[in-house]
Structure formats: structure tokens, C-alpha cells
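Scroll down for the structure; my scribbles are underneath it.
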């Protein structure tokens, strides 16, 4: 099994198969525009630009943590673009925990458990995915995208 077996709803309402990203390194992250970690959006965007075409960030807005993503999908997309320059793919709001958790995040959590449990504890939990769709690592919300760069470089070197 790999992340390529899942799909999600893009901000425009269309369904997107993650198989479209096959062969790329991915960062899959649950986001929120009213969170203390929200400035990471700019760092995530910078990483995608730096590794243009080889790394793609996939953002999944989530309102499960202290109502930090209360807006509509359109408001979320606009805030990400205007305030943080986000051009990476954003998907419609999802749940990452509980019975209504998106199947992709159920899979990610089963492949890379957190420190105390498999549940996601906060916004900006990041998953690094290799070019084969395999989960390589899970990063805590407090881990900045810049601290992921060494792991990203290793994956890209293995490809070369």
C-alpha cells in the first residue's frame, strides 16, 4: 500500500488522485491559518520552490484543533495565497482524527505513529513521503520545514 492509492478533494471541488504525484517527494501536512505554526506555510512554499518539480507539498486544512481553521474552503485558500504566497496544492478541509478522519490520514498515522499515540496532536504535523509513495518520517508541529531539509536531500540524492 502507498499514498498513491488515495485521493482527496481539491479546493475547486474536483477529485485528485495522489497517484498523479508518483515519482515526487511529498510533504503532506495538516494546516490551519489561525495557528501559531501558520508561518510554516511560507517555509513549506520555499522548500517546494527550491526543489521545483522534485518536491511537492500537499496541504490539508483542518479545524479539529481549537477552531484554528474556521473559514470556508475559499477563505482558507485565499488566506494561504495572500498571506503566505502558497501555490502548492491545497485540498478541502478534512478531519485528521476520529471516526471522520480522512482515509489518507488514517493511513499516514498507521505508517508513522506519533510519540505517545498514533493520533495527530496539532496542526502542522508533517509526513515525508518518498518517490514510491512510502511514508519515510513524521514530524511534530514544532519541527520547522527547514529541519526536514536534510531528509529531503537524502531522498533526492537516492533518486539521482
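The values are calculated or read from the model by the stated rules, or taken from the named source; none is laboratory data. Predicted model, so just to flag it, every value in this text is computed and none were measured. Glycine also receives a Cβ, built like all others from the backbone with ideal geometry; neighbour counts cover every protein chain displayed.
Let's see how each residue does on (1) modelled with pLDDT under 95; (2) surrounded by 16 or more Cβ atoms within 10 Å (Cβ to Cβ); (3) more than 21 Å from residue 128 (Cα to Cα):
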position: 11; (1), (2), (3): no, yes, yes
position: 16; (1), (2), (3): no, yes, no
position: 22; (1), (2), (3): no, no, no
position: 37; (1), (2), (3): no, yes, no
position: 47; (1), (2), (3): no, yes, no
position: 53; (1), (2), (3): yes, no, no
position: 73; (1), (2), (3): no, yes, yes
position: 82; (1), (2), (3): no, no, yes
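Identify, from the list 143, 125, the residue that is out of contact with any helix residue (DSSP H, G or I) (no Cβ under 8 Å at 6 or more places or on another chain) and closer than 18 Å to residue 6 by Cβ.
125
Can residue 155 be described as under 17 Å from residue 11 (Cβ atoms) and either part of a helix (DSSP H, G or I) or out of contact with any helix residue (DSSP H, G or I) (no Cβ under 8 Å at 6 or more places or on another chain) (or both)?
no
Return the total of residues in segment 18-41 being touching a helix residue (DSSP H, G or I) at 6+ places or on another chain (Cβ under 9 Å) and closer than 14 Å to residue 56 by Cα.
Qualifying residue count for the region: 12.
I'd like the residue in segment 24-35 that is touching a strand residue (DSSP E or B) at 6+ places or on another chain (Cβ under 9 Å) and outside any strand (DSSP E or B) and, out of all such residues, is surrounded by the most Cβ atoms within 10 Å (Cβ to Cβ).
Just the residues of segment 24-35 that are touching a strand residue (DSSP E or B) at 6+ places or on another chain (Cβ under 9 Å), to begin with: 24-33.
Now narrow it down to the ones that are outside any strand (DSSP E or B): 24, 32-33.
Working: 24: 17, 32: 26, 33: 21.
Only one residue tops the list, namely 32.
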